Amino acid sequence: MNAIVTLKTFSNTENTILTDSFQDMISILHADISNARSHWDELLRALAVDSNAFVLILVQCGQAEFTMDYKTHTIAPGKLTFIMPNHDFQFTDMSDDFNARLLILDPAFQNEVGFENKGFYNYLTMKRNPVIRVEPEDEANLANALTVLQEKIRNRSHLYHKELVYNATTGLILEVQNVLMRRNDTMIHPVLTRKEEVVDRFLKLLAKHGKQQHTLAYYADQLFITAQYLSAILKEQTGKSGSKWINEALIMEAKKLLKSPYSSIQDVAYTLNFSDQSTFGKFFKKSIGMSPLVYKRIS
């Protein structure tokens, strides 16, 4: 897996960027410009982020400017910033006292914690509203959730380290959702383009029929377009092909079912409309690198 953050070490600065990372899938960066103004260009390069990552920025002090899709935005305390996957993002300026924390989620981790399962509507809303104002209470809750996540990432000796990190990430995502709901009335809600409408309808169909229908052709037929055109739209609008969306939805459902002590592997295969347990087992192992049995034992 490619590193999601490019970091550079500065020999004559202290505490410029502190990083807590979990399995190259999640990183929390604490960026402090106050001691590194003379290394401005290097710091900007250090904060270069993979365009496939989801980034959340919470400013503690000062302000900064960044461009996203050729538009300039200003961030400061009291504002929450979202950088959605598949968008060009770059810091362009920072005040001398700029101090912020950045949460960076790799696409694989977004899927693991069900981030994208929140819906394409939120994706579009956050895309149209990359910077939103937050109330002091919500800002404090977000800062606390980030701190909790940092603590869990650092607690590597814990026997359930992965589970702790996943739970802390879910808690942070819920805080973000809470902010979005609170700010719902003041946000710009998207008017869907034709292609976005196709994606929206596809995701609704997938949520309803994903357990039973595993082929892109089925969804294309429901939308009265070809499977090739549907996959091209999904790739363009979301960064993922149709088959990837379907497979990830299946894996997410399979994981939920396998965690139940009352569901056998055969039951899961039947519920997800696989022809037999063996076919399901091969699909699951190819997708996540372990058999359903192993996953069930460690979940």
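A few comments on the model shown:
- Residue within the range 252-266 that is under 30 Å from ARG194 (Cβ atoms) and surrounded by fewer than 18 Cβ atoms within 10 Å (Cβ to Cβ) present: yes
- Among the residues of the range 266-298, the one identified as within 21 Å of LYS208 (Cβ to Cβ), assigned to a loop (DSSP other than H, G, I, E, B) and of a type in the set (A, V, I, L, M) is LEU272.
- Positions within the range 211-245 being among the acidic types (Asp, Glu) and modelled with pLDDT under 90, in sequence order: GLU236
- GLU248 over 16 Å from ARG201 (Cβ atoms), crowded, with 16+ Cβ neighbours inside 10 Å, at pLDDT below 95 and among the acidic types (Asp, Glu): yes
- Within the range 150-265, helices (runs of 4 or more DSSP H) holding 1 or more residues that are within 18 Å of MET84 (Cβ to Cβ) and among the aliphatic types (A, V, I, L, M): 161-182, 194-209, 227-238
- Only one entry of PRO136, PRO190 meets the criterion of being modelled with pLDDT of 85 or more and surrounded by fewer than 18 Cβ atoms within 10 Å (Cβ to Cβ), and that entry is PRO136.
- Condition check for LYS79: among the charged types (D, E, K, R), modelled with pLDDT of 90 or more and surrounded by 20 or more Cβ atoms within 10 Å (Cβ to Cβ): no
The values are calculated or read from the model by the stated rules, or taken from the named source; none is laboratory data. Keep in mind that this is a model prediction, so the values were computed, not measured. A quick note on method: Cβ atoms are made from the backbone with ideal geometry, for glycine too, and the neighbour counts reach across all protein chains shown.
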